[in-house]
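Right, one structure below, let's go through it.
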Amino acid sequence: MRAQLSPTGRRILLSTVSSDSHTWNLVFLQLLLEELGHEVVNLGPCVPDELLIETAAAERPDAIVISSVNGHGHLDGVRLIRAVRADPRIGGIPAMIGGKLGVQGSEDTSYVRELTEAGFDAVFVEGAPEAALHAFLGVLPASTPARDLAVGTS
Ligand code: B12
């Protein structure tokens, strides 16, 4: 059953990348986003690109939020977002990524440009306040009501 969306709530597909088995970052973000009035589908750890793409095509979220902390996020993220942008069903969905995306610590932000050029709309580097994510989601277009999706309208 779908939770009630707040007026500023968005339907979020939350995931990590295929190599990443860390879970509490996803749990934390799901709880935070739900507390802020968003509806979250959390795919959990080690998500194959194909699973994320097919879930996005089925769920038609307002945004895709990727969290990765194992240090491979900058590599897996580029591959993943290129695949998302190349798929005409979901290529226009706003997407953001954050966490511990590299292995050089919070000072290293060299991957931000690569991730944005590959297709992410926003990259939240380590230490960025989660409030920034909420603010970014808040400026996205209002959510399509779930009942409209159920009858297949767009
Ligand atoms: C628990 C843990 C594990 C557990 C995970 C168990 C599980 N089921 O989750 C296990 C033992 C499996 C594990 C494995 C590994 N881990 Co580990 N792990 C940790 C540890 C100790 C805690 C992570 C955690 O749960 N944090 C709690 C959550 C709530 O916080 P968080 O993850 O930091 O997420 C916050 C922010 O990053 C931010 N955030 C995250 N994503 C996003 C996204 C957006 C959009 C935004 C805005 C914010 C945001 O918000 C979250 C809440 O504040 C950290 C060290 C640490 N103290 O952080 C290392 C750590 C993440 N692991 C690390 C590594 C290297 C590994 C391994 C590669 C080790 C190895 N050689 O095998 C493997 C990787 C496995 C894999 N395939 O991914 C490194 C990553 C290094 C890096 N990125 O530079 C860390 C940082 C340890 C270290 N200091 O070296 N790990």
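A few comments on the model shown:
- Residues that are closer than 20 Å to residue 71 by Cβ and either touching a residue at least 60 places away in the same chain (Cβ under 8 Å) or surrounded by 13 or more Cβ atoms within 10 Å (Cβ to Cβ) (or both), drawn from segment 105-121: 108, 109, 111, 112, 114, 115, 116, 118, 120
- Residue list for segment 98-122, restricted to those being polar (S, T, N, Q) and assigned to a loop (DSSP other than H, G, I, E, B): 104, 106, 109, 110
- Residue 14 within 14 Å of the ligand (Cβ to nearest atom) and surrounded by fewer than 18 Cβ atoms within 10 Å (Cβ to Cβ): no
- Among the residues examined, residue 50 does not qualify as surrounded by fewer than 14 Cβ atoms within 10 Å (Cβ to Cβ), under 25 Å from residue 131 (Cβ atoms) and out of contact with any Pro (no Cβ under 9 Å at 6 or more places or on another chain).
- Residue match in segment 61-70 (condition: among the hydroxyl-bearing types (Ser, Thr, Tyr), assigned to a helix (DSSP H, G or I) and within 14 Å of the chain's Cα centre (by Cα)): no
- Residues in segment 22-44 that are among the acidic types (Asp, Glu) and open to solvent by less than 50 Å² (accessible area, probe 1.4 Å): 39 only.
- Residue satisfying all of: in segment 123-133; in a loop (DSSP other than H, G, I, E, B) and open to solvent by 70 Å² or more (accessible area, probe 1.4 Å); nearest to residue 72 (Cα to Cα) among these: 127
The values are calculated or read from the model by the stated rules, or taken from the named source; none is laboratory data. In this text, all values refer to a predicted model and were calculated from it rather than measured experimentally. As a convention, Cβ positions derive from the backbone with ideal geometry for all residues, glycine included, and neighbour counts pool all protein chains shown. Just so you know, the surface numbers come from the protein's heavy atoms only, side chains and all, with ligands and any DNA or RNA stripped out. Shrake-Rupley method; radii C 1.70, N 1.55, O 1.52, S 1.80 Å.
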